[in-house]
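Visitor: Take a look at the following structure, please.
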Amino acid sequence: MISIGYTGLAIMVALLFMGVPVTFSLGVVAVLGLSYVTSFAAVTQQAVMVVNQEGTNFIIICIPLFVFMGKMIYHTGIAKELFECIERWIGFLPGGLAMSAVVTCAGFGAVTGSSVASVATMATIIRPELKRYNYDDELSSGALTSAGTLAVLIPPSLGFIMYGVLTDTSIGGLFLAGVVPGILLTALYCAYIYIRCSLNPKLGPRGASYALLERIISIKGTWGLVLIFVIVIGGIYAGLFTPTEASGVGVAGVLLICLSRRRLTWSATRAALIDTGLVSAMIWGIIVSGYLLARFLAVTGASQGLVSFVAALGLSKIGFLVAITIIYLILGMLLDMFGMLILTIPFFFPLVQHYGIDPIWFGTYAVIMCEIGLLTPPVGVNVFVMHDMAPDIPLKTIFKGILPFAALNMVCVTLLECFPFLATWLPNKVL
């Protein structure tokens, strides 16, 4: 039976290499595999159970709501005001516009947990400015593409929500765990851009310089985003509402802000709803098919067999983390973030418990590794989104541009492994 499970995994990997979408790769192997080892009638029952139990999970409701928040902020132009504010404060520095893009992505991530939405939004808003100041395509595209992944780390994060659902870990604790690493990674990105553009100013010329009064006035355009972040995140930690309730409050807040600023138009709302539906349907499909695959692997004994095999190797905790780091780097070439989490966490989490690793720390580590996966070829979801937004930049140039930033992500992972308190200090302090 175990060999059947491993054969199914091999077929799934082959389908992914062939370019079959993640949902179908997982689903086909799960349905055919379960039909082979049990019966098609049993598979039907399993599918109904998964849809009823997991596909309608109350926590999952917050995914489309957080996505809708980000889409509304994008389609109503509020995100552009955030960039304009930050650009007035640091745009005059070497590589200032690229650094402004990084900080804006981090700020945008504070109201939406979608990396793809962040890249698409920032590329649309910031790319013309970078082009106007003759920024190097490799540096600018690499910065924009990589900075989009900060949305996965800065709360609220769809990656943390998915991990929390899969492991029954506190989503509020996971959100807090992402704050310090998110700020650290933002600082590393900005430091790299500043140093490189200081050494070679042609890569990222200085932007316009503004008077102090103009900088202060520009802050008024960000009050809506700051208010939403405080209400959503503050409400969760104050115990006023759950993450799902917070997402509903956040959507209501965004709609009220758009209405107060006369930006709540039918065209913007319609576009946001369509985008949200597409993203949510994709995530829901991965969740359902992933749970079915997990049941197939459990029935065949492949899951427990792999766990027993790794445990029998006698790896130290560091050795275990190095091993799964390599696995994540490989999977990042094939899967998106949700595919990686749904496929790996059911395998890895029992081992995480075996080694006594803090589940909140491991969630932070896993999300950062998924960030790297969003950049690595041949899938590199963020790279292709960036290419769609800036078709004049060759894919090869974008992939070259993200390499230093992917390396900085690995630096962040190393720092987390050496200093676990970077992820656990804030949750332990607040919760």
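The values are calculated or read from the model by the stated rules, or taken from the named source; none is laboratory data. Quick caveat: nothing in here was measured; it's all calculated off a predicted structure. Don't worry about glycine lacking a Cβ; one is built from the backbone with ideal geometry, like all the others, and counts go over all protein chains shown. For the accessible areas, the whole protein counts, side chains as well, though only heavy atoms, and no ligand, DNA or RNA atoms are used. Shrake-Rupley method; radii C 1.70, N 1.55, O 1.52, S 1.80 Å.
Visitor: Ranked from the most accessible area to the least, with a 1.4 Å probe and all protein chains present, what is the order of Asp358, Asp336?
Guide: Asp358, Asp336
Visitor: Please calculate how many Å² of accessible area the chain carries per residue, with a 1.4 Å probe and no DNA, RNA or ligand atoms counted.
Guide: 40
Visitor: Place a +1 charge on the Cβ of each Lys and Arg in the stretch 57-191 and a -1 charge on the Cβ of each Asp and Glu, then give the dipole magnitude about the Cα centre in debye, rounded to the nearest 20.
Guide: Roughly 180 debye, rounded to the nearest 20.
Visitor: Moving on. Can you give me the Cα centroid spacing of the stretch 224-269 and the stretch 85-146 in angstrom?
Guide: When both Cα centres are located, 23 Å separates them.
Visitor: Per residue Cα convex hull volume for the stretch 168-210, in cubic angstrom? All intermediate terms of the calculation are to be shown ahead of the outcome.
Guide: Details: hull volume 4.4 nm³, N = 43.
Per residue, the Cα convex hull of the stretch 168-210 comes to 101 Å³.
Visitor: Please list, or write none, the aspartates and glutamates whose alpha carbon is within less than 20 Å of the alpha carbon of Lys220, excluding same-chain residues fewer than 8 places away.
Guide: Glu81, Glu84, Glu87
Visitor: To the nearest 20 debye, what charge dipole does the chain have about its Cα centre, counting +1 at the Cβ of each Lys and Arg and -1 at the Cβ of each Asp and Glu?
Guide: Dipole of the chain, to the nearest 20 debye: 700 debye.
Visitor: Positive end of the dipole of the chain, charges at C-beta (+1 Lys, Arg; -1 Asp, Glu), about the Cα centre: which of Thr242, Tyr163, Trp223 has its Cα farthest in that direction?
Guide: So the residue furthest toward the plus end is Trp223.
Visitor: Here's something else I'd like to know. Please list the non-local residues whose amide H lies under 5 Å from the amide H of Phe92, H modeled 1.01 Å from N, same-chain partners needing a gap of 5 or more.
Guide: Hits under the 5 Å cutoff: Gly207.
Visitor: What percentage of the solvent-accessible surface of the stretch 8-135, computed with a 1.4 Å probe over protein heavy atoms, is contributed by carbon and sulfur atoms?
Guide: Heavy-atom surface of the stretch 8-135 belonging to carbon and sulfur, 1.4 Å probe: 70 percent.
Visitor: Turning to a different aspect of this structure: Indicate the helices, whole DSSP H runs only, in the chain that combine a mean Kyte-Doolittle hydropathy of -0.5 or more with a Cα extent along their long axis of 20 angstrom or more.
Guide: 2-17, 22-37, 115-132, 179-199, 223-237, 243-260, 266-300, 317-331, 337-354, 359-373, 395-418
Visitor: Quick check: with the 1.4 Å probe, what order do Trp425, Trp361, Trp89, Trp266 take by accessible area, largest first?
Guide: Sorted descending by solvent-accessible area, the residues read Trp266, Trp425, Trp89, Trp361.
Visitor: So, one more: Taking the Kirkwood radius as the inverse of the mean 1/r across Cα pairs, report the Rg/Rh of the stretch 58-190.
Guide: For the stretch 58-190, the value is 1.00.
Visitor: Specify which labelled value, from (1) 33.2, 150; (2) 21.6, 72; (3) 24.8, 85, agrees with Rg and Dmax of the Cα atoms in Å derived from the coordinates of the model shown.
Guide: (2)
Visitor: In addition: Quick one: among His75, His387, His354, which has the greatest mean-square fluctuation in a GNM of the chain with alpha-carbon springs under 10 angstrom?
Guide: His354
Visitor: Further question: Would you mind working out the magnitude of the charge dipole of the stretch 261-380 relative to its Cα centre, with +1 at each Lys and Arg C-beta and -1 at each Asp and Glu C-beta, to the nearest 20 Debye?
Guide: So the magnitude is around 460 debye.
Visitor: In the chain, with Lys and Arg counted as +1 and Asp and Glu as -1 at Cβ, which of these residues, Gly8, Thr424, Thr149, has the Cα nearest the positive end of the dipole, that is, farthest along it?
Guide: Thr149
Visitor: Going from most exposed to least, what order do Leu306, Leu213 have by accessible area with a 1.4 Å probe?
Guide: Leu213, Leu306
Visitor: Return the calculated 222 nm mean residue ellipticity for the chain, to the nearest 500 deg cm²/dmol, obtained by summing -39500 (n - 2.57) across DSSP H runs with n ≥ 4 and dividing by the residue count.
Guide: -25500 deg cm²/dmol
Visitor: Continuing with this model, one more query. For Lys131, which lysines qualify as cross-link partners when the Cα separation must be under 17 Å and same-chain residues fewer than eight apart are set aside?
Guide: Lys80, Lys202
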